Amino acid sequence: MKVDKRIKIVVYLPLTVAMVSLAHTLAPVGLFFLALLFISFYLDLTKEFYFSGKILTVFGVFLTLFLFILALRTPFEAIAYWIMSLSIIKILGKKTLRDLKQIVALSFFNFVDSAIFHYSFVFLLYLVLYIVSASIALLIITYLDDRRETNLGEDLLKALRNFGIGFGFVTVFMSLFFFIILPRSPYVLIRAQIYSPTRREGFGNELQIGKVEYMNTRDQVLMRIKPLMKRHENFLYVRGNVYNVYKNETWIRDPENTTEWNYKSDSKHKRGVRSFLITVEPMYTKALYAPDFPESIDFRRFLFNKSWGKVFLTKEHEITRKVNYKAFSSSIPDSEFPKGVDFLSVPETYIAIVDSLIKVNNLYGANPGEIAQKVKDYFLKNYRYSLEITTDTNWVHYFLKTRKGHCEYFATLTALILRRAGIPSRIVAGYLTKEWNSFGNYFVVRTRHAHTWVEYFHTNRWIPLDPTPPYQEEKTVLNKLNEYIDYLSYIWTTQVLEFSFTNQIRIFNTLQYFIKNLFKKNLLTLLGGAALLLIITFGTVLLLKQVRYKTHPATQYYKKFEKILKRRGYNLTPSMTAKEIADLVKTPEATDFLEEYTKCRFSTNCDLEELKRKFENFRRSIS
Amino acid sequence: MFRKHRPFVSYVKLKKWGRYYAALTLLLGFAAVNSGNNLLYFFLAALLSIMALSGFISYLSLKSIYLTIIAPEELYAKTINYLKVRVKNRSPLPLFLIYVKKSDREKLVFEVIPPSGLKEGFLPCYFEKRGYNVVESIFVGTTFPLSFTIREMFYPVNLKLLVFPHIYKIRKDIMIESPENTGWGAESSKEGAIGDFIGLREYTFQDKVSRIHWKKIKDEKLYAKKFQDENFQVLNIEITSTASEDEIERVASLAVYYLEQGHSVGLKIDGKATISPDSGIKQKIKILEELALLGYES
């Protein structure tokens, strides 16, 4: 039996949503499959063009083998593409009721794939659309299954569509509840490498100065840092790698002091330590970043894993997903001077340039602090920040000549000046952000916020010094909107993607605390709330009743008429018809009114003005 | 007529696709727990919600039904009878795919029942034996909203119905054993076609034109001639109380046949005149009731 075109469209809808959602994450190959899907829809719905089942089966087998041999980037991606292909093949074949069921089932698998690959909060939109469309499709298939037919009437389709929309939306709200209460296990039995490192952020072991081929000015959000205590500054330095040695135009990373940090678990209670809640996007690095001087990190992903004293990020612990952690940092802590590293060495080729710079600009001082300040002031006054890339092989020459450059030039030259002045110094690569999200009260760290600054050793402390002149961020009209969208994404990450067993316990504890306090302290509030709720419920019921039993305008006059007669002593019963009442009253005005009322109430042409006039006549006559 | 408000038990059976759905939900649950991927948890939550909501909707659908069963006056054994079923939807939402059944073969489906609406249908009902049959239970169920499960409610109706013996179709030409004809020359008030003229009556459109009495045309009215029915018979059918089922069915069939032909039929059991000869539907019911209970202790 031929399948109704409208039913096909209804069944294709969830598949389309699932495929769009999947293609969103697996672009551009996913987009190619999406285009194929639309072409097959076009062929099926308009041209009614079908391939034979045997050809499609053979094609499906070959495609399966091809995709698995190719295996793309990861096996999971291969599976996703395979399911997408099967869906398209299913559309191209001739359809029966069984095929319709299989298409809905395939849409399910497509959507599961999409859930595996997605990070964005747009997934929620896809989920809502998928649930609503799948509900309608399933309702209709239930009907077809029961009737053993592939066609439905217009009215039935409409009724099922309306019912399906309601069903879908209630399901979405119920899903939120289930999502919160579902038990979560901290133990992963089979770890699958799902994600492929499509992009890699962070800093390498070496920092080559003057050999930059391009400037990373992307707006990609890397992390969001929420200060958990009051913060007065409107900027934040996020510490990445520390580089000690400068050789052959390259800074070399300090292996002891960067990604593999030894954190002291008790340092969070130290005086002057500030805490931050950090949400990191999948950066595919092995480093956990923190502002200022990180003291410890609370990376308790799981409830029973009480202490991650030493954060040692191995290959398995690469940040391949969105993660949340707490960081505790000091602003400038006391530290011992590292042994075995020469923090005063300057490459010979730079000695003459640096010395002349010191001499010409009088960068001398009584103590390291004064010298550092002088160097900083010199750069701030005479140089400006620029992201221009030089073709000059000698970066120092270019920098001193044009008096503009990016942070690495400023930091390197400052470190070298300080070293020549006998002050141990090093450079730090990390991020400097000034982007504050006022909706969520957090700093946003983006790729373009990557920054380099200097630290010099004085009075048993490494003191940070940033000689780079500030740059103005461009402000657009859409800034506020972008800020809000970013806030939504933040909520999505913290409350959905990173919703854990700990979060569940926190919610239930908060609820328990709230209820306890409600009875203990706020009995009046509780009573007031209950009363308000009752009033609202009662009001809503009344309102709904009004809406549900909306009376005919003519009935208002009839009711008034009845009321007048009852007052006059007429014994009217609810079962009495208009004619019986007219016989009882026996006045021409009453008969006139009742005739007009009957005409008005039970026929399509109702003259309310005439009815009103006759009612007034009756009222006058009886009074 | 029988009414019952509250169902006794409600239960759910999983269908084939329901089993697949449950398996997929479990699989997704395992994937979510194992990977810790909250988007899989989200989707799992949606699947669980659909499961819970569909269960709740099917339960509400069945709860909001007001069922009335009306048995017909005549029910025959070994024949498909139809019980009138009236289903009222008390909920503000439409109800879909509601079925009422006595057994798997005796089923009636209502495709849509509008909000606060009423629908009627006929439930096929088969009885193997004559006499009092008790319909102990009626099942009301639905596969709606998703055909993953069948939810059924069990109504313990205990409907006691008197089922008449099975009636064979009798053709005139195969009638071999003709009952004793006692009606020759008997006075009959029943109108026939070829008997003696007994008077005039007003012409109706069912009468043949040849019957019009053309001599008497008054006030533009036509009159038809009335004749006595020569075939009219008064019959007494005799049966023993120990008669076999087949004999009872044959006697019942004969009685029904003659009564439908317009004859007067009586019933004698073990030689005693239990029901005196008469014609009409009431007589038919009387005889069938007697035959239905023959051999049973009342």
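The values are calculated or read from the model by the stated rules, or taken from the named source; none is laboratory data. Being a predicted model, the structure only gives us computed values, none of them experimental. Here Cβ is always computed from backbone atoms with ideal geometry, including for glycine, and neighbour counts include all displayed protein chains.
In the stretch A:437-446 there is no residue matching the filter, namely being modelled with pLDDT under 90 and surrounded by 21 or more Cβ atoms within 10 Å (Cβ to Cβ).
The residues on offer are A:LEU611, A:LEU584, and the sole one that is surrounded by 17 or more Cβ atoms within 10 Å (Cβ to Cβ) and aliphatic (A, V, I, L, M) is A:LEU611.
Any chance the stretch A:386-394 includes a residue that's farther than 30 Å from A:TYR487 by Cβ, outside any loop (DSSP other than H, G, I, E, B) and in the same structural domain as A:LEU481 (by the TED database)? Scanning the stretch A:386-394 turns up no residue that is farther than 30 Å from A:TYR487 by Cβ, outside any loop (DSSP other than H, G, I, E, B) and in the same structural domain as A:LEU481 (by the TED database). Within the stretch A:136-176, the set of residues being under 22 Å from A:ILE103 (Cβ atoms), at the interface with chain B (Cβ under 7 Å from one of its Cβ atoms) and polar (S, T, N, Q) comprises A:THR142, A:THR171. For A:GLU370, the conditions (1) modelled with pLDDT of 85 or more; (2) within 43 Å of the chain's Cα centre (by Cα); (3) among the acidic types (Asp, Glu) all hold with the exception of (2). Annotation note: Cβ proximity below 7 Å between a residue of the stretch A:50-66 that is closer than 17 Å to A:TRP82 by Cα and a residue that is aliphatic (A, V, I, L, M) and assigned to a helix (DSSP H, G or I) (sequence gap 6+ or interchain) occurs for A:LEU56/A:ILE89; A:LEU56/A:LEU92; A:PHE59/A:ILE89; A:GLY60/A:LEU86; A:GLY60/A:ILE89.
One line per residue, one yes/no per condition, for (1) at pLDDT 90 or above; (2) facing chain A (nearest Cβ under 7 Å):
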| position | (1), (2) |
| --- | --- |
| B:LEU47 | yes, no |
| B:ALA52 | yes, yes |
| B:TYR59 | no, no |
| B:TYR66 | no, no |
| B:ASN89 | no, no |
| B:TYR99 | yes, no |
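Say we look at the stretch B:8-37 and pick out the residues that are touching a residue at least 24 places away in the same chain (Cβ under 8 Å), hydroxyl-bearing (Ser, Thr, Tyr) and part of a helix (DSSP H, G or I); which of these is surrounded by the fewest Cβ atoms within 10 Å (Cβ to Cβ)? That would be B:THR25. The strands (runs of 3 or more DSSP E) found entirely in the stretch A:167-270 that carry 1 or more residues being modelled with pLDDT under 85 are A:206-208, A:236-247, A:250-253.
Number of residues in the stretch A:561-573 that are part of a helix (DSSP H, G or I) and either under 14 Å from A:CYS600 (Cβ atoms) or not charged (D, E, K, R) (or both) equals 3. All of (1) surrounded by fewer than 20 Cβ atoms within 10 Å (Cβ to Cβ); (2) over 27 Å from A:ILE371 (Cα atoms); (3) of a type in the set (A, V, I, L, M) hold for A:LEU400 with one exception: (2).
Select from the stretch A:103-124 the residues that are among the small types (Gly, Ala, Ser) and within 8 Å of another protein chain (Cβ to nearest Cβ) and list them in ascending order. Once the filter is applied, which keeps residues that are among the small types (Gly, Ala, Ser) and within 8 Å of another protein chain (Cβ to nearest Cβ), the stretch A:103-124 yields A:ALA105, A:ALA115. The combined condition, being away from chain A (no Cβ under 14 Å), charged (D, E, K, R) and buried (at least 22 other Cβ atoms within 10 Å of the Cβ), is not fulfilled by B:ARG105.
Picking from residues in the stretch A:490-512 that are away from chain B (no Cβ under 13 Å) and not hydrophobic (A, V, I, L, M, F, W, C), the one that is surrounded by the most Cβ atoms within 10 Å (Cβ to Cβ) is A:TYR490. Those helices (runs of 4 or more DSSP H) of the stretch A:1-118 in which 2 or more residues are of a type in the set (Ser, Thr, Tyr) and more than 30 Å from B:GLY36 (Cβ to Cβ) occupy A:29-42. The set of residues in the stretch B:263-298 being among the charged types (D, E, K, R) and either under 13 Å from B:ILE237 (Cα atoms) or touching a strand residue (DSSP E or B) at 6+ places or on another chain (Cβ under 6 Å) (or both) consists of B:LYS268, B:ASP270, B:LYS272, B:ASP278, B:LYS284, B:LYS286, B:GLU290.
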